[in-house]
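Encoded as structure tokens, the structure appears first; notes follow it.
The values are calculated or read from the model by the stated rules, or taken from the named source; none is laboratory data. This one's a predicted model, so the numbers in the text were calculated from it and none came from an experiment. Neighbour counts are summed over all protein chains in view; Cβ atoms, including those assigned to glycine, are modelled from backbone coordinates with ideal geometry. For the accessible areas, the whole protein counts, side chains as well, though only heavy atoms, and no ligand, DNA or RNA atoms are used. Shrake-Rupley method; radii C 1.70, N 1.55, O 1.52, S 1.80 Å.
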Amino acid sequence: MAANNRRMSGKKGAQVGSGGQRRKGLEGRGPTPPAEMRKGHKKNRVANAKAKQAVRRPVARGRGGKSASELVVGRNPVVEALREGVPASTLYVQQFIDNDERVREALQLAGERGGINLMEAPRPELDRMTNGLNHQGLVLQVPPYEYAHPEDLTAAAYDAGEDPLIVALDGVTDPRNLGAVVRSVSAFGGHGVVVPERRSAGMTAGAWKTSAGTAARTPVARATNLTRTLEACKKAGITVVGLAADGEAELGDLEALGGPVVIVVGSEGKGLSRLVGETCDYRVRIPMPGGAESLNAGVAAGIVLYEAARRRS
């Protein structure tokens, strides 16, 4: 009898107290996810590798150096950037995204412009690329901006048989102000903008948008040390004019604006830094009968550039 019990205990089948575990094991696990989203699958590894390679930040090279690549995140920001002609290298679109009007417009604009890679990526990869920002399934990569060297701006002016007309920004950290200055320089026949390498706005997507496309033809140079750059301009015979609310001269009286000049604009709150202010040949004030304490960088630069262009005409 004992032997018979041993034979029966070896039979296959549900054991007492199994709790229906075999029944649960037979339940389905839902639809199989696409290959690109299955961890360990070849297509998943390829998609991840491509995304990582595309957002890898380049090393700055060239005389003026390069900025880092930038990501524009979200459906409205991406569409607006494409509308305004912001340079772009890749448009990332989330797999199985809800195809609304903004997604369709982004794809259409990218296709019409040409030169923009369209890449489909799983949501986890877009989350990683954007550090968890609400990308809404659209991410636009803006390539690094290649800055000119300050000497390139003066050389281009002289090559064209013109006196240099350049704007330098001291402590301006809002990219929209930089974009507005670039637009004014382009409108009044200037030869470029100089920004410091540190503690200054750079040519981001926001600056490109505010420039309304003029950044494509108006160079922005980056200076390692703005004071030394201004001193080099003075040695080259270029007058350095700084804007200051307490300036000794009034804008309308400054004859130097008719010749080679660098106009230095400080931040709205602090104005010119001490060293930069001491380097200027003239400190000029803009008369404001309305009693405003200061103007933002874009407006101030536009007023002085208009006066310079008037004297040169």
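Can you find, among VAL220, GLY258, THR239, the residue farthest towards the positive end of the dipole of region 200-313? Put +1 on the C-beta of Lys and Arg, -1 on that of Asp and Glu.
It is VAL220.
How far apart, in nanometres, would the label points at THR224 and THR130 be if each is projected 7 angstrom from Cα along the Cα-to-Cβ direction?
It is 3.8 nm.
List the residues of region 197-239 whose backbone N lies under 11 Å from a point placed 7 Å from the Cα of LYS270 along the Cα-to-Cβ direction.
Hits in region 197-239 for LYS270 at 11 Å: 199-200.
Contour minus end-to-end for LYS235 and ILE303, with contour as 0.36 nm per residue of separation and end-to-end as the Cα-Cα distance?
Taking LYS235 through ILE303 to full extension adds about 21.8 nm, to one decimal.
Using a Förster distance of 41 Å, how high is the FRET efficiency between ARG198 and ARG113, based on the Cβ-Cβ distance and rounded to 0.05?
0.80
State, to one decimal in nm, how far the label point of ASN99 lies from the label point of ALA187, with both points 7 Å from Cα in the Cβ direction.
4.2
From the protein chains alone at 1.4 Å, what is the descending order of accessible area for HIS191, HIS135, largest first?
HIS191, HIS135
Determine how large the accessible area of PHE96 is when every protein chain is in place; take a 1.4 Å probe and give Å² rounded to the nearest 10.
Surface open to solvent at PHE96 totals about 140 Å².
Could you give the length gained on full extension between GLU120 and THR173, defined as 0.36 nm per residue of separation minus the Cα-Cα distance, in nm?
Contour length minus Cα-Cα distance gives 15.6 nm.
Kindly give the semi-axes, whole Å and largest first, of the ellipsoid equivalent to region 204-313, taking each as the square root of 5 times a Cα gyration tensor eigenvalue.
Semi-axes (√(5λ), whole Å): 21, 19, 16.
In nm, what is the difference between 0.36 nm times the number of residues separating GLU80 and GLU278 and their Cα-Cα distance?
Result for the pair: 67.1 nm of gain on full extension.
Which of rounded, prolate or oblate describes region 130-233 when judged by the alpha-carbon gyration tensor and an a/c cut-off of 1.5?
Here region 130-233 falls in the prolate category.
Using a 7 Å offset from the Cα along the Cα-to-Cβ direction at both ASP152 and ARG310, what is the distance between the two label points in nm, to one decimal?
3.3
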